[in-house]
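Below you'll find the structure, written out as structure tokens, and then a few comments.
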Amino acid sequence: MAETFSHRSVLLDECIEGLAIKPEGVYVDGTAGGGGHSYHIAKRLTTGRLIAIDRDEAAIAAATARLSPFSERATVYRSNFSEVAAVLDDLGIDTIDGMLLDLGVSSYQLDTAERGFSYQADAPLDMRMDRRNEKTAYTVVNTYSEEALKNILFTYGEERFSARIARKIVQAREIAPIATTKELSDLIKSAMPAAAREGGHHPAKRSFQAIRIEVNGELDAIVPALKGAMARLNRGGRLAVITFHSLEDRIVKQAFAEMAEGCTCPKSLPICVCGHKPVAKIITRKPILPSAEELAENPRSRSAKLRVAEKL
């Protein structure tokens, strides 16, 4: 399976530059995927160390193979990136010099039909990044209440027809369970007004994103990962995060802003009584976007944004 796992490393040069890699440093790639970013981090280390984390067993196999030339300084570890502190504790590592998170779904996951991530193939409703987890897209679609489905589609997918789609799903599953990605995609499409089905994104894109986020608890993992990493960074260490939609980007932007915030006392107070000091400075005031060349080579990078913060 390792040889079939492919994922183009989005904003690769920008990530490497953003991390400001020191040859003797300790780095974490919290989303190893196929090992693309990890490979280029490990390549720049001499006496340093890389910890590559992923929760997908196929990614673990692929990253292990990709990093085999650097086996003496690269460790591949199966876990959720939100558990970075526990991973470092398990490996006996106190502090690190940088961490990278690429929050996108890998090309492998999208292109492997049986994983159930894509609305463009017919497959069982799965969408699990970690197949040890019990909750699947089938669970969400067939057991969640109409209200819960509506809220998920609206909140995580920013889908304006969330109420119509949730109603359609509930009506359909009363007759028979919705078992495949094609069934769900067709249902979503049928629930939307004709004008909304024309042009632009696939009608099911936002709903599939929303269900995938719910299945994998994606948004819930971001803040614990950022806080866990920042707490373990050495002074001057960097935290680099690639996001792919506005919900993720908003969470990262807000978390970085809070880390960089100093005194929060009202302006009317003559002295600071809150004692709040910034723990980081933001390196990227505006997110870094893919170049025209990268967009031409990899259209899937079009929504990528990179933000970087540095430990004070």
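Values for this structure:
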| quantity | calculated |
| --- | --- |
| Every residue from region 265-312 that is touching a Cys at 6+ places or on another chain (Cβ under 8 Å), outside any strand (DSSP E or B) and closer than 30 Å to S106 by Cα | none |
| Cross-chain or 6+ apart pairs with Cβ under 8 Å, region 83-109 first and over 17 Å from V241 (Cβ atoms), then open to solvent by less than 10 Å² (accessible area, probe 1.4 Å) and charged (D, E, K, R) | Q109/D56; Q109/R115 |
| Search result, residues across region 112-125 that are crowded, with 17+ Cβ neighbours inside 10 Å and free of Cβ contacts under 8 Å to residues at least 40 places away in the same chain | R115 |
| Where A240 falls short, out of the listed (1) out of contact with any strand residue (DSSP E or B) (no Cβ under 8 Å at 6 or more places or on another chain); (2) open to solvent by less than 10 Å² (accessible area, probe 1.4 Å); (3) of a type in the set (G, A, S) | (1) |
| Exclusive hit being open to solvent by 20 Å² or more (accessible area, probe 1.4 Å), over 28 Å from A292 (Cβ atoms) and under 22 Å from the mean Cα position of the chain (by Cα), set T64, T31, T47 | T64 |
| Pair list, Cβ < 8 Å and 6+ apart or interchain, from region 295-312 residues that are closer than 21 Å to L226 by Cα and at pLDDT 90 or above to residues that are open to solvent by 80 Å² or more (accessible area, probe 1.4 Å) and not in a strand (DSSP E or B) | A304/L289; K305/L289; L306/L289; R307/K253 |
| Every residue from region 218-244 that is within 30 Å of F208 (Cα to Cα), of a type in the set (A, V, I, L, M) and outside any strand (DSSP E or B) | L219, A221, I222, V223, A225, L226, A229 |
| Odd one out for F256 among (1) over 30 Å from Y119 (Cα atoms); (2) surrounded by fewer than 19 Cβ atoms within 10 Å (Cβ to Cβ); (3) within 17 Å of the chain's Cα centre (by Cα) | (2) |
| Test for V10: is it of a type outside the set (D, E), open to solvent by less than 40 Å² (accessible area, probe 1.4 Å) and at pLDDT below 95 | yes |
| Matching residues, region 59-88, being touching a Lys or Arg at 6+ places or on another chain (Cβ under 9 Å), small (G, A, S) and farther than 22 Å from D111 by Cβ | A74, S79, A85 |
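Conditions (1) open to solvent by 40 Å² or more (accessible area, probe 1.4 Å); (2) at pLDDT 90 or above; (3) of a type in the set (K, R); (4) in contact with a strand residue (DSSP E or B) (Cβ under 9 Å, 6 or more places away or on another chain), marked per residue:
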residue	(1), (2), (3), (4)
I53	no, yes, no, yes
E57	yes, yes, no, yes
E72	yes, yes, no, no
R78	yes, yes, yes, yes
L88	no, yes, no, yes
T95	yes, yes, no, yes
L101	no, yes, no, yes
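The values are calculated or read from the model by the stated rules, or taken from the named source; none is laboratory data. Just so we're clear, the structure is a prediction, and the values are computed from it rather than from any experiment. Heads up, the Cβs are rebuilt from the backbone with ideal geometry, glycines too, and the neighbour counts pull from every protein chain shown. The protein model used for the area step is the full one, side chains on, heavy atoms only, and it has no ligands, DNA or RNA in it. Shrake-Rupley method; radii C 1.70, N 1.55, O 1.52, S 1.80 Å.
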